[in-house]
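K.L.:
So that we are looking at the same thing, I have put the structure below in structure tokens.
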Amino acid sequence: MILFSFVTYFTSTLLAACYRSGDPVNGKRNYTYMDAVRSNLGGFKVKICGWVQYLNLFGVAIGYTIASSISMMAIKRSNCFHASGGKNPCHMNSNPYMIAFGIVEIIFSQIPDFDQLWWLSIVAAVMSFTYSTIGLGLGIAKVAETGTIRGSLTGISVGTVTQTQKIWRSFQALGDIAFAYSYSLILIEIQDTLKAPPAESKTMKKATLISVGVTTLFYMLCGCMGYAAFGDLSPGNLLTGFGFYNPFWLLDIANAAIVIHLVGAYQVYCQPLFAFIEKSATERFPDSEFITKDIKIPIPGFRPYNLNLFRLVWRTIFVIITTLVSMLLPFFNDIVGLLGALGFWPLTVYFPVEMYISQKKIPKWSTRWVCLQILSIACLFITIAAAAGSIAGVVLDLKSFKPFATVY
């Protein structure tokens, strides 16, 4: 985790420097990740970047839908267990919860632009701190209650899983960690909302240091205390491991905070994809009123809301598709691992390194060039291993899976 945090911080500072072409203060702005690649690298790499970035954003929406349904079911099961005194096993289907999350996202997806999400982003950040703190506190309490630190330095015991499964799961875990640090794919879009002066790259580098530092601290604390509390039985979602009894209300608060956080995070990650499709449609069909016309809807006490029919239809269809795919593939850990693997090397490492080399005109085979290429190749190997582990996990899950009938 510490290694991933260092790599993410370092490559994010390289990427932040690519927001402007030429002069870091007055140079031409690159409003999106694709624009930055176009300005610095050009050619076929722009299309590759676009495909990888937007497929990843689509995948993130699926991962967040699955995660939110798990937390919503945890609340329902907790209350069901409490009401029945543990006599009812409280099995339930995840589909209604994914549909409910989808309906909420259809509403929020009508927020027109990325810069109008600031309030939702703040709410999501507060919720993130809430459930992380509760999870950490319960982990410490569990260790104190049992008086033993479970788990080992070598990880899950062979016997609980086979040697082969352990290898695949270790690789998959690399993808999960990569996903946890995968904000490079929207870094340029976030940087585009910053005010200057000071230079956007300077502000972004400071914000990156703080955010990577704080998240790594919480990841380490929650990860280590969670493993110490549960050992080989550690669940994919830490908060579902504490049972469904007291303090059941505290677990409900934490799981509700996860759902609220994911509502906001879904929008933050999907807005760049929304903007790309809408911009492309406007450029292709500039005379279509369906795509370009805004209908002003008065809202008492607020500015009129600009309703765009294309935005309404396309974003609604997008949310419906991500919800249906989530219902088809509800394997949270494996899907997250695969997404983290596919996005980590190209978007977090390769493009930032290549753009930095191009922008700073670093000569081939110089010490700095060689070091950057070694970093890139090492991260490529990590990505391949993580992808292999996650695919193996999905294949294993599919053997005992019935579409649209997943019961927990």
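K.L.:
Please report the net charge: other residues with Cβ closer than 13 Å to the Cβ of residue 251, K and R +1, D and E -1. Present the calculation step by step, with values, prior to reporting the outcome.
P.N.:
Working: positive: 76, 77, 142; negative: 252.
Local charge sum for residue 251: +2.
K.L.:
With a 1.4 Å probe and all protein chains left in place, how much of the accessible area of the chain comes from carbon and sulfur atoms, in whole percent?
P.N.:
On the way: 14300 of 20360 Å².
The computed percentage sits at 70.
K.L.:
Express the relative contact order of segment 1-399 as a whole percentage, based on alpha carbon pairs under 8 Å and six or more residues apart in sequence. Before the final figure, lay out each step's value.
P.N.:
Details: 515 pairs, mean separation 136.4, N = 399.
Relative contact order of segment 1-399: 34 percent.
K.L.:
Per residue, how much accessible area does the chain show when a 1.4 Å probe rolls over the protein heavy atoms, in square angstrom?
P.N.:
Per-residue value: 50 Å².
K.L.:
Would you pull out the residues with amide H under 5 Å of residue 305's amide H, same chain only if 5 or more places away, H placed 1.01 Å from N?
P.N.:
It is 297, 299, by chain and number.
K.L.:
For segment 1-399, give the magnitude of the charge dipole about the Cα centre (Cβ charges: +1 Lys/Arg, -1 Asp/Glu; no others), in debye to the nearest 20. Don't skip to the answer; put the middle values down first.
P.N.:
Numbers: 29 positive and 20 negative charges, 127 e Å.
Dipole of segment 1-399, to the nearest 20 debye: 600 debye.
K.L.:
Further question: Can you give me the distance in nm between label points at residue 312 and residue 100, each placed 7 Å from the Cα along the Cα-to-Cβ direction?
P.N.:
Taking the simple label geometry, residue 312 and residue 100 are separated by 2.7 nm.
K.L.:
Here are some pairs, 205/364; 195/279; 45/293; 47/296; 205/361; which of them have Cα atoms lying more than 28 Å apart in this structure?
P.N.:
On the way: 205/364 26 Å; 195/279 23 Å; 45/293 33 Å; 47/296 35 Å; 205/361 21 Å.
Cα-Cα > 28 Å for 45/293; 47/296; rest within.
K.L.:
For the chain, can you list the cysteines whose C-beta has no other cysteine C-beta under 4.7 Å from it?
P.N.:
Here 18, 49, 222, 224, 270, 371, 379 come out as lacking a disulfide-compatible partner, given the Cβ-Cβ threshold of under 4.7 Å.
K.L.:
Something else now. Reachable aspartates and glutamates from residue 399, Cα under 20 Å, same-chain residues fewer than 8 places away excluded?
P.N.:
By straight Cα distance, residue 399 reaches 334.
The values are calculated or read from the model by the stated rules, or taken from the named source; none is laboratory data. Remember, it's a predicted structure, so these values are computed and weren't measured experimentally. Positions of Cβ are backbone-derived with ideal geometry, glycine not excepted, and every protein chain shown enters the neighbour counts. Each accessible area value is taken on the protein alone, full model and side chains, heavy atoms only, with ligands, DNA and RNA left out. Shrake-Rupley method; radii C 1.70, N 1.55, O 1.52, S 1.80 Å.
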